[in-house]
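Below is one structure; the comments refer to it alone.
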């Protein structure tokens, strides 16, 4: 069969010619043509795993009495427990990874819960006390230091949470409860692959201030963000679950894979506004890029706010190179250190091959059905002539 001839005849002559050609042949030819034109294709994501590691302190809100914590909880919305590949060995006796449902009883996500704080128990009595003025940990101090804690997890494949929340827990006679209703201000990025649609492929990294599930009038606290970035080839990219776990435990400042030099600084200072859409960074992706590592530093925003707790100052939205001097007169809106978050994405550009999209599959189904169908001969066949 001359495929190109059939394709031309089917495409140009429409329904009238389709009525006169064998249906299966014409249907198959149109499917081949649609795929060749890219109508029915999408791109598989090259992301083969993502990791997140962070240092943080327990703190107390102004005016509230200090409340020690004995546990912690990481909530990953939209991610199944089977997607969690491993966690960082934090200082707790018990760790559970359990899925949870929403108020309607439908699947909502997975919670990684830690109970029984056990670092230096003779001194701490199983509790982690709030820190009034936490200092910058640089991303690894809390790995084995009193007064703060280091957490981490890695996710298999391209699974990505739609939201990330972190809570400190209080041991109330054996029942662990969240301290407060608002999640801690520890933003976590979400990685997405953009094939480029004719342009260069890229990773899109979305990051926003965590919000509670419940609708509240008060917006979550805004935070200052500083971002470092570095990329590596296959020499540093993990290829097995065991290597992913090793990478997770090595994802600390001071390690060669974690960016922290001025030359690796992507964003000097940026304000993440609570309650606003996520900020998106577009990172062009080369075939040689196998491991992308980013380090975030988060600090409190202590500038003026509205009644809804949104930042409120005239030059909001302008580039700010120094939050300790936002107006050139020494006015500082930079508060205490919140967290250092080291994150990474493992990618394989070879995996980003075309695959049928849902729209393409629908088109294929329709064309095949069209090819299989035979209408009665007669006048109805000539309506489109």
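Taken together, the values in this text are just the output of simple stated rules run on the coordinates, not laboratory data. The shown structure was predicted, so the numbers you read here are calculated from the model rather than taken from an experiment. Neighbour counts run over all protein chains shown; Cβ positions are idealised from the backbone, glycine included.
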Exercise for the section: For segment 262-338, would you read off the P(r) tail past 16 Å as a percentage of all alpha carbon pairs? Expected result: 61
Fill in the blank from the handout: Put in order of increasing Cβ neighbours within 10 Å, starting from the fewest, 229, 95 give 95, 229
Completion exercise
Per the Cα gyration tensor, segment 130-194 corresponds to an equivalent ellipsoid with semi-axes, largest first in Å, of 25, 18, 12
Completion exercise
Expected sort for 240-246, 163-169 on mean C-beta neighbours within 10 Å, highest first, is 163-169, 240-246
Handout entry: Highest-first arrangement of 230-238, 290-298, where packing means the average Cβ count within 10 Å
Key = 290-298, 230-238
Handout entry: Ordering of 106-113, 340-347, 145-152 by packing [mean C-beta count within 10 Å, highest first]
Key = 340-347, 145-152, 106-113
